[in-house]
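J.: Got a structure here, written out as structure tokens. Questions coming.
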Amino acid sequence: MSKIYVDEITGFEGTETGAPITLSGDTATLGSGVIFPAGHIITTSTIDWEKSQASDIDLGSTTFAETGIEVSITPKLAAGSSGSKIVLFFHTGSATQTEVGTTNQLTIARATSSSTAIGSATDLSDSGTTTDYYSPGEVGRYPLSFCFVDESGYSAGTTYYYQVYGKSAAASNPFRIVRAGANYSLIAFEIKQ
């Protein structure tokens with residue numbers, strides 16, 4: 001078996017200082033010149049995950065309010081057709097509506113600082129395509145999951161915070177997005193376009 005020992009790998013017409021692959025021992029580092037294929041996951045967010053939530057997360061506001069469920073991600077590429085998109089997934093094992101026949105809404109919004117009010121964040125639902133939850137017959141516990149995609153307006157190298165926001169149909173009947181003892185998770189992936 002033969003081995004080749006090198007410190008850097010570059011193309012035939014590449015520059016001496018611009019090697020896209022650098023080697024050190026058994027570690028290879030990809031430089032900024034490496035192009036990922038479409039559909040490749042480039043980076044993931046922090047993960048907001050709770051195995052057993054200590055107390056209920058209730059939304060009693062009739063306008064969008066913070067839930068405290070938030071992740072951060074620093075994209076490697078800018079948004080756009082030659083850049084990337086951010087795909088966000090939320091799930092809770094047990095949510096509850098507290099009144100029959102009401103519609104509660106959830107959305108995700110992007111901001112450049114943690115714990116931002118929705119009025120200062122970029123709502124990914126465009127205020128017209130929120131995720132609605134309606135209980136026509138009885139109040140019960142049910143799993144709740146949704147996905148949002150952010151395809152524009154973010155830059156490479158900036159840390160962004162994505163938070164779940166929600167509102168209840170009536171302040172007197174809060175929407176319990178996560179019940180005490182239930183699990184929840186929020187995660188974001190940057191995917192090459």
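The values are calculated or read from the model by the stated rules, or taken from the named source; none is laboratory data. Note that the structure is predicted; figures quoted are calculated from it, not measured. Cβ coordinates were reconstructed from backbone atoms using ideal geometry, including for glycine residues, and neighbour counts include every protein chain displayed. In case anyone asks, the SASA skips ligands and DNA or RNA and just uses the protein heavy atoms, side chains included. Shrake-Rupley method; radii C 1.70, N 1.55, O 1.52, S 1.80 Å.
J.: So G119 ticks every box in (1) at pLDDT below 90; (2) in a strand (DSSP E or B) but one. Which box is left unticked?
T.: (2)
J.: Name the residues in the range 77-98 that are open to solvent by 50 Å² or more (accessible area, probe 1.4 Å) and either of a type in the set (V, I, T) or closer than 23 Å to W49 by Cβ (or both), would you?
T.: Hits for the range 77-98 are K85, F89, H91, T98.
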